[in-house]
Amino acid sequence: MKKLITTFIFCGFLAAVFGQNITASHDTLHLVMPLDSFDKQAHNIITNPSATPKTIKWTREIIEIAPHCQSYICDPNACYLPTASSKQYTLQGNSTGTLDLHLKNLDTTKLCCATIKIKLEVVGSPANKLDLLYFFNDCAVILDENEAFALEAKVYPNPVSDFFFLENADEVATLKVLSRDGREVKNFKATPDQKYNIADLPAGQYFVILAGEKGNGIRAVEIVKN
């Protein structure tokens, strides 16, 4: 099946306050990564406007990633190996620092596809935390060890009131519903003609993550709940 020639990084814009006025924001909403690109970054700026230094802990959670792709984090201290999933650093008062999420393609004949969440927390203030959710690729492609094939499933209706259906979903095995901050609020096994009920969720924006039978390929569909 024909492969797509570009892959996308989509991350919803956040400018959230946590940890006594420390803020985190994306400076880019959408990046295009050509098929032959080796490495692409999603750039974030962390700001501490107070006079007091704060220790920031980041944790990288890989929800889904294609087998030929890797991700890694660069914080103000260093760029870490893909095996590093959590580190912390000190952000001085009245200063800013970058926190970049990279996606590395180890086989540029294939597209990268990943869903990754970064959890930020002020050490000593566990209630002061923020989750940043990233979709690498719009995930209209499922990537397997040996093949890539289009996942053409659609979610309808959208906007959603109480429930939604899937169309062209023969390759979908499971689906999750994530909130804008990356929390999983619903999960379902996909079955023919199933009605997926989200009536109990508050109105707002969500992402439906569709996974294949092996769980190694996804498509992220943005929905609005009325």
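Any read-out appearing in this document is the output of simple, stated calculations on the displayed coordinates, not a laboratory observation. Fair warning: this is a prediction, and the values are worked out from it, not measured in the lab. Cβ sites come from the backbone with ideal geometry, for glycine too, and all protein chains shown count toward neighbours.
Measure out, as a whole number of angstrom, how far apart the alpha-carbon centroids of the range 93-133 and the range 41-82 sit.
Between the Cα centres of the range 93-133 and the range 41-82 lies a distance of 4 Å.
Of the cross-linked pairs Lys87/Lys129; Lys110/Lys154; Lys57/Lys119; Lys54/Lys87, which ones have a Cα-Cα span greater than 18 Å in the structure shown?
Lys110/Lys154
Would you mind calculating the gained length between Ala203 and Thr174 on full extension (0.36 nm times residue separation, minus the Cα-Cα distance), in nm to one decimal?
Full-extension gain reported as 8.1 nm.
Tally Lys and Arg at +1 and Asp and Glu at -1 over the other residues with C-beta under 13 Å from the C-beta of Pro126: what net charge comes out?
Summing Lys and Arg as +1 and Asp and Glu as -1 gives +2.
Show me the ranking of peptides 83-89, 127-133, 164-170 by mean Cβ neighbours inside 10 Å, starting with the highest.
127-133, 164-170, 83-89
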